[in-house]
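Step one of this worksheet: look at the structure below.
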Amino acid sequence: MNVKVSFVCRNSIAHGGKPGCSAAREMFLRKSRTPERVRQAAADASDRVPHNLSDLAPIVLSGRGSDIDAIPAEAGVYAVYDNDETLQYIGISRKIKASVKLHMFELPELCFSVRCEAVKAATTLELQKEWKKWILEYLAENKGKLPPGNVQGNVLWSDRKQRTTKKSLTLTDGFRSAVNDSDILEACREVVRLHKTVVFMKGSRSEPECRFSHRVCSILDDMLVDYETVDTLDEVHNHNLRNVLKQFGNWPTIPQVYHNGDFLGGHDILDELQMSGQLHELFKTDGPEDI
């Protein structure tokens with residue numbers, strides 16, 4: 001009851017109440033004797049007040065003015081728009097930013113901006129409730145029509161390529177304060193020697209951080225290749241790896257793919273090898289477990 005009254009008093013001030021009015025005085029008295037944990041709970045509840053889809057400002061995803069870092073990393077709902085500001089898909093995710101990035105990599109022509117709402121510490125039921133609210137809002141404004149990506153049978157957005165949850169390899173334990181480039185270089189040699197296929201990439205296979213890394217993983221996943229990954233953005237465990245790789249593979253860009261101890265190529269070479277059929281033949285000769 002105290003929490004509800006404190007909200008009412010706060011609103012009375014916001015609508016012109018004077019500091020000396022009875023409502024403001026009551027708010028002060030209640031706040032002064034309300035335990036901190038109760039006030040914090042009230043603040044958390046206020047933070048979780050959901051917004052309508054139309055209330056949220058769009059975040060540009062590509063081109064001039066893009067601001068991908070503004071996308072919340074936590075759980076919530078999101079709506080993706082194309083370049084014509086047409087809503088294409090309303091989604092739900094435990095990691096909004098990661099999901100939106102995958103959409104950008106897989107459907108770049110349909111991803112120009114996004115509206116999103118983080119739902120802190122949300123249960124699955126709460127997330128579904130917010131998603132349904134946005135869907136109903138869109139239906140009301142569009143004569144009962146669903147966004148194209150939410151129409152039954154449209155699998156462009158929902159039928160994601162399923163990747164294994166295998167963790168990325170790390171080159172150091174992350175505890176040593178002094179790791180030089182020669183240590184990382186030697187660790188690269190060891191990783192490539194011990195594992196048949198290794199991808200040095202930006203991000204992880206489940207959350208790639210660039211479309212080229214995403215493309216390489218997609219190619220290998222489609223071929224059912226068993227491969228390892230090393231995250232070049234992990235400065236804690238793989239210090240300065242992005243620069244060391246230029247020397248290690250004599251190749252200027254990332255990702256880099258190594259197979260049977262040799263440098264195979266970057267994303268463009270893998271694309272060419274796949275289109276020509278050579279990549280399939282390469283892994284086929286290694287044995288049935290790799291294809």
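The values are calculated or read from the model by the stated rules, or taken from the named source; none is laboratory data. Not measured: the values here are computed from a predicted model. Using ideal geometry, Cβ is built from the backbone for each residue, glycine included, and neighbour counts are taken over all protein chains shown. Please note that ligands, DNA and RNA were not included when accessible areas were found on the heavy atoms of the full protein model with its side chains. Shrake-Rupley method; radii C 1.70, N 1.55, O 1.52, S 1.80 Å.
Remarks
- Residue check for residue 92: modelled with pLDDT under 90 and touching a Leu at 6+ places or on another chain (Cβ under 7 Å): no
- Of all positions in segment 150-161, none carries a residue that is open to solvent by 20 Å² or more (accessible area, probe 1.4 Å) and closer than 21 Å to residue 249 by Cα.
- Within segment 218-228, at least one residue is assigned to a strand (DSSP E or B), touching a residue at least 12 places away in the same chain (Cβ under 8 Å) and acidic (Asp, Glu).
- Selection within segment 200-233 - closer than 19 Å to residue 179 by Cβ and either touching a strand residue (DSSP E or B) at 6+ places or on another chain (Cβ under 6 Å) or buried (at least 18 other Cβ atoms within 10 Å of the Cβ) (or both): 200, 230, 231, 232
- Residues satisfying the criterion are present in segment 200-213 (criterion: on the phi > 0 side of the Ramachandran plot and at pLDDT 90 or above).
- Residue match in segment 255-266 (condition: on the phi > 0 side of the Ramachandran plot, surrounded by fewer than 22 Cβ atoms within 10 Å (Cβ to Cβ), assigned to a strand (DSSP E or B) and in contact with a strand residue (DSSP E or B) (Cβ under 8 Å, 6 or more places away or on another chain)): yes
- Residue ID - farthest from residue 253 (Cα to Cα), chosen from residues in segment 171-195 that are open to solvent by 80 Å² or more (accessible area, probe 1.4 Å) and in contact (Cβ under 8 Å) with a residue 40 or more places away in the chain: 173
- Segment 108-128, subset out of contact with any strand residue (DSSP E or B) (no Cβ under 9 Å at 6 or more places or on another chain) and of a type outside the set (Val, Ile, Thr), residue nearest to residue 215 (Cα to Cα): 108
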